[in-house]
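Report on the structure given below.
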Amino acid sequence: MRGRRYLLVRSVPFVVSTLLAVGGCDLLHKEPSSTVPAPAKDSERRAAADSIDAARLRAAASEPQNWLTHGGTYAEQRFSPLDQINDGNVQKLGLAWSYDTNTTRGLEATPLVVDGVIYTTGSWSIVYAIDARNGNELWKYDPQVPRETGPKACCDVVNRGVALYKGKVFVGTLDGRLVALDAGNGKPVWEVVTVDQSRPYTITGAPRVVEGKVIIGNGGAELGVRGYVSAYDSDTGKMAWRFYTVPGDPSQPFESPALERAARTWKGGEWWKVGGGGTVWDSMAYDPDLHLLYIGTGNGSPWSRFVRSPGGGDNLYLSSILALNPTNGELVWYYQETPGDTWDFTATQHIILAELPIKGRLRKVILHAPKNGFFYVIDRQTGELLSAEKFVEATWADRVDLKTGRPVLAKGTDYRDKTVVVKPSPHGAHNWQPMSFNPKTGLVYIPTHDIPMIFGVNHKWKYRPGHWNTGTDFTLIKEVPRNLVAGALLAWDPVRQKEVWRAPYKGPWNGGTLTTAGNLVFQGTADGRFVAYRADNGTKLWEAPSGSGIVAAPVTYSVDGEQYVAVMAGWGGAFALAAGDAAAAAGNNHPIGRLLTFKLNGAATLPAAQKPRPPLPATAAPKVAHAVITKGEDLYAIHCQVCHGSGATSGGVLPDLRYVAPAVQASINSIVLDGALRGNGMPAFRDVMNEDDVAAILAYVQQRAADAAK
Ligand code: CA
């Protein structure tokens with residue numbers, strides 16, 4: 001074992017300002033309207049969804065009994081005015097019902113709720129319609145994503161939810177399709193392929209509907225793609241516009257003037273062959289008054305700028321917030337958070353729109369806590385940076401200069417000719433797990449991660465289509481020990497740019513957050529609990545077991561005058577797959593997928609949890625030369641750990657190879673080299689490895705099994 005043991009990757013006083021307001025100022029005072037019974041018939045459900053139009057989406061805050069769009073409203077605050085469940089009675093919260101998805105991969109969706117029907121998604125982009133009062137399944141739609149698509153997804157076969165508009169449910173599928181379903185019966189109405197399926201594009205993000213257009217992005221920059229966002233007519237599926245976030249092949253014409261400007265910031269290299277990155281894989285928000293659609297863009301592809309754009313440059317529009325005109329997709333302004341990104345620092349994290357008093361003046365702002373560890377407050381009309389402070393330890397930059405809007409890089413972080421330990425890691429100080437903003441407390445509730453990463457350039461890197469292409473040296477990452485990582489829920493004052501309270505956890509990769517007018521914050525945890533805190537001071541008020549680690553964000557809704565809180569429970573995602581021992585230690589690593597729904601005095605019983613994994617049987621160490629083991633260790637780090645876990649230790653989602661190695665020895669070459677288990681999502685590696693390589697990996701895994709069983 002080499003000396004270095006680090007991480008893999010990928011993928012905070014108290015001020016309540018009475019001036020704080022949100023999109024609709026009256027939303028704090030609305031009572032839940034008395035709701036009609038959940039529509040039992042297809043035609044009733046279709047009719048309920050039919051009336052969701054542009055006006056209703058714009059005024060989503062005025063119907064708190066529903067959750068009509070991904071972030072609750074276009075402002076994406078994930079704040080609910082419902083307060084029947086509150087800091088005085090949350091101790092009486094109990095399970096109302098649970099719905100089993102029968103899946104064992106990560107669940108990341110935010111459910112939508114309309115008039116007593118829940119629309120949500122699970123692994124492999126499956127869509128579920130569920131009666132919000134009792135958990136009865138109304139319909140289920142399986143887009144039949146080919147399992148061979150799995151390895152294209154850096155970070156699990158997840159999906160973060162649907163959009164609703166005029167009687168249709170819209171879902172982006174892992175293999176790059178956008179599908180419109182009849183909300184009544186779940187039957188497809190239209191379907192369009194939004195990506196070049198010969199490239200490693202995936203869709204995991206939730207669509208949004210703006211002015212009758214369905215907006216969808218995609219991911220894939222770890223393997224190598226060019227990022228873009230597209231808009232489709234919600235009636236017909238016809239594409240209305242597409243905006244590429246990074247320049248393509250410079251010998252071809254530019255798709256937009258914005259890209260012509262961007263191309264001047266890419267220097268040397270042949271990034272377009274890999275793709276360049278800048279994928280729009282998650283966050284969006286919309287301001288109807290300013291008529292601006294905000295999107296967050298991802299990291300560079302490959303990660304390392306030293307190989308992607310060796311002449312340097314900012315590499316626009318990587319790691320940026322872009323304000324687009326939703327009518328035609330033209331760029332209005334941009335703010336780049338990590339110029340020349342070389343650390344997988346995406347800006348795809350949840351974008352929140354709020355109105356805050358900044359230096360005595362009420363400003364329309366964006367609140368953003370991207371992977372890079374700084375909390376940004378940006379004027380959303382102009383893109384002007386108003387403030388930026390670290391919300392976790394961030395070693396790559398000293399500060400952000402407010403005059404230039406640029407980070408001041410820390411000394412000694414250039415990893416061109418040496419290895420450098422950097423915080424945050426590619427898992428991010430905050431990743432896709434949505435944060436929330438409570439206008440009553442004035443605080444933002446951020447699921448944070450404290451994880452280091454060791455960076456070095458892979459000087460032998462060459463583009464390998466269909467595999468990971470980061471340009472960094474993964475052999476530096478042997479194991480992710482649990483004592484190197486931490487995670488906490490952080491309550492952050494965005495005006496004073498200060499931490500107000502925190503709730504530390506056993507490890508990172510806890511769930512997204514929901515905050516309510518009942519002075520509550522809800523969050524699921526990696527270690528398998530669902531917790532409620534007092535929003536103003538962080539006192540833990542209640543918790544319940546969830547049977548599985550939770551990474552998704554909760555929602556709340558009301559049916560028949562009764563308030564419910566619902567969350568998808570299912571351990572998975574990038575850290576759960578890749579972080580090995582640290583993931584196993586942080587998470588309830590026996591994932592079983594469920595939608596859990598709670599109400600006051602709920603008395604349902606949580607179905608039995610899966611049995612813990614048995615201890616490893618005693619295994620003899622392989623009789624091979626030590627050099628073979630170390631070769632296998634390097635190859636495992638390069639090809640295997642992003643899915644099966646660093647250090648040959650599974651974080652609980654995919655098979656732990658230490659357990660399965662004996663059973664598959666005879667067929668190992670057909671599995672690893674020729675793709676015998678393609679149908680399960682295990683790719684073929686014949687183009688990058690040979691039999692000797694596979695034997696070395698097997699020997700390394702056997703050695704790890706023998707070590708663990710000692
Ligand atoms: Ca990434």
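Evaluation of LEU362 against the conditions (1) in a strand (DSSP E or B); (2) open to solvent by less than 10 Å² (accessible area, probe 1.4 Å) shows that the sole unmet condition is (2).
Here segment 117-155 is the region considered, the condition is being more than 30 Å from GLN197 (Cβ to Cβ) and surrounded by 24 or more Cβ atoms within 10 Å (Cβ to Cβ), and the residue that is nearest to the ligand (Cβ to nearest atom) is ILE118. For segment 60-82, indicate whether the set of residues that are surrounded by fewer than 17 Cβ atoms within 10 Å (Cβ to Cβ), modelled with pLDDT of 95 or more and within 29 Å of the chain's Cα centre (by Cα) is non-empty. There is at least one residue in segment 60-82 that is surrounded by fewer than 17 Cβ atoms within 10 Å (Cβ to Cβ), modelled with pLDDT of 95 or more and within 29 Å of the chain's Cα centre (by Cα). Among the residues of segment 275-289, just one is touching a strand residue (DSSP E or B) at 6+ places or on another chain (Cβ under 7 Å) and surrounded by fewer than 24 Cβ atoms within 10 Å (Cβ to Cβ), namely ASP287. The residue of segment 262-291 that is nearest to the ligand (Cβ to nearest atom), among those that are closer than 18 Å to THR338 by Cβ and outside any loop (DSSP other than H, G, I, E, B), is GLY277. Residues being crowded, with 24+ Cβ neighbours inside 10 Å, modelled with pLDDT of 95 or more, more than 19 Å from GLU108 (Cβ to Cβ) and among the β-branched types (Val, Ile, Thr) are entirely absent from segment 164-187.
The residue of segment 139-162 that is modelled with the highest pLDDT, among those that are of a type in the set (Lys, Arg) and not in a loop (DSSP other than H, G, I, E, B), is LYS140. In segment 459-468, is there at least one residue being open to solvent by less than 10 Å² (accessible area, probe 1.4 Å), assigned by TED's automatic domain parsing to the domain that holds TRP509 and either assigned to a loop (DSSP other than H, G, I, E, B) or touching a strand residue (DSSP E or B) at 6+ places or on another chain (Cβ under 7 Å) (or both)? Within segment 459-468, none of the residues are open to solvent by less than 10 Å² (accessible area, probe 1.4 Å), assigned by TED's automatic domain parsing to the domain that holds TRP509 and either assigned to a loop (DSSP other than H, G, I, E, B) or touching a strand residue (DSSP E or B) at 6+ places or on another chain (Cβ under 7 Å) (or both). Considering (1) within 13 Å of LEU322 (Cβ to Cβ); (2) surrounded by 16 or more Cβ atoms within 10 Å (Cβ to Cβ); (3) not β-branched (Val, Ile, Thr), the lone condition that ARG261 does not fulfil carries the number (2). Only one of the listed residues (ASN328, ASN315) is more than 16 Å from the ligand (Cβ to nearest atom) and polar (S, T, N, Q). That residue is ASN328. For segment 407-444, which residues satisfy the criterion of being among the aromatic types (Phe, Trp, Tyr), away from the ligand (no atom under 16 Å from the Cβ) and buried (at least 24 other Cβ atoms within 10 Å of the Cβ)? Within segment 407-444, just PHE437 meets the criteria. Entry remark, segment 218-242: residues being more than 16 Å from the ligand (Cβ to nearest atom) and of a type in the set (Lys, Arg) number 2 in total.
Among the residues making up segment 340-366, those that are under 17 Å from the mean Cα position of the chain (by Cα) and either more than 15 Å from the ligand (Cβ to nearest atom) or not assigned by TED's automatic domain parsing to the domain that holds ARG264 (or both) are HIS350, ILE351, ILE352.
Considering segment 651-710, the residues that are part of a helix (DSSP H, G or I) and of a type in the set (D, E, K, R) include one that is surrounded by the most Cβ atoms within 10 Å (Cβ to Cβ), namely ARG704.
Let's see how each residue does on (1) within 20 Å of the chain's Cα centre (by Cα); (2) modelled with pLDDT of 95 or more; (3) of a type in the set (Gly, Ala, Ser):
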position	(1), (2), (3)
PRO494	no, yes, no
TYR505	yes, yes, no
GLY512	yes, yes, yes
PHE522	yes, yes, no
GLU543	no, yes, no
SER548	yes, no, yes
GLN563	no, yes, no
ALA566	yes, yes, yes
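Among the numbered conditions (1) assigned to a loop (DSSP other than H, G, I, E, B); (2) under 21 Å from the mean Cα position of the chain (by Cα), the only one that VAL171 does not meet is (1).
Here is the figure for segment 229-241: residues that are open to solvent by 10 Å² or more (accessible area, probe 1.4 Å) and closer than 30 Å to TRP461 by Cα total 0. For segment 405-450, a tally of residues being more than 18 Å from VAL495 (Cα to Cα) and assigned to a strand (DSSP E or B) returns 11. Which of the residues spanning segment 384-404 are open to solvent by 10 Å² or more (accessible area, probe 1.4 Å), touching a strand residue (DSSP E or B) at 6+ places or on another chain (Cβ under 8 Å) and part of a loop (DSSP other than H, G, I, E, B)? Residues satisfying the conditions are GLU384, VAL392, GLU393, THR395, LEU402. Filtering segment 551-588 to residues that are in a strand (DSSP E or B), surrounded by fewer than 24 Cβ atoms within 10 Å (Cβ to Cβ) and small (Gly, Ala, Ser) leaves nothing. Filtered by the rule that a residue be more than 28 Å from GLU355 (Cβ to Cβ) and either more than 12 Å from the ligand (Cβ to nearest atom) or outside the structural domain of GLY205 (by TED's automatic domain parsing) (or both), segment 292-304 gives a lone residue, SER304. Looking across segment 83-107, just one residue is crowded, with 22+ Cβ neighbours inside 10 Å, more than 22 Å from the chain's Cα centre (by Cα) and in a loop (DSSP other than H, G, I, E, B), and that is ILE85. In this structure, SER198 qualifies as more than 16 Å from the ligand (Cβ to nearest atom) and open to solvent by 20 Å² or more (accessible area, probe 1.4 Å).
Could you tell me which residue of segment 156-171 is nearest to the ligand (Cβ to nearest atom), considering only residues that are closer than 21 Å to VAL653 by Cβ and touching a strand residue (DSSP E or B) at 6+ places or on another chain (Cβ under 8 Å)? Step through it out loud before you land on a result.
Pass one, segment 156-171, residues closer than 21 Å to VAL653 by Cβ: 156-161.
Adding the requirement that they be touching a strand residue (DSSP E or B) at 6+ places or on another chain (Cβ under 8 Å) leaves 159-161.
Numbers: ASN159: 17, ARG160: 15, GLY161: 20 Å.
Looking at the filtered set, the residue picked out is ARG160.
The values are calculated or read from the model by the stated rules, or taken from the named source; none is laboratory data. If you're wondering where the values come from, they're calculated on a predicted model, not measured in any experiment. Methodologically, a virtual Cβ is constructed for each residue, glycine included, from the backbone with ideal geometry; neighbour enumeration extends over all protein chains shown. Surface accessibility is based on the protein's heavy atoms, side chains included, excluding ligands, DNA and RNA. Shrake-Rupley method; radii C 1.70, N 1.55, O 1.52, S 1.80 Å.
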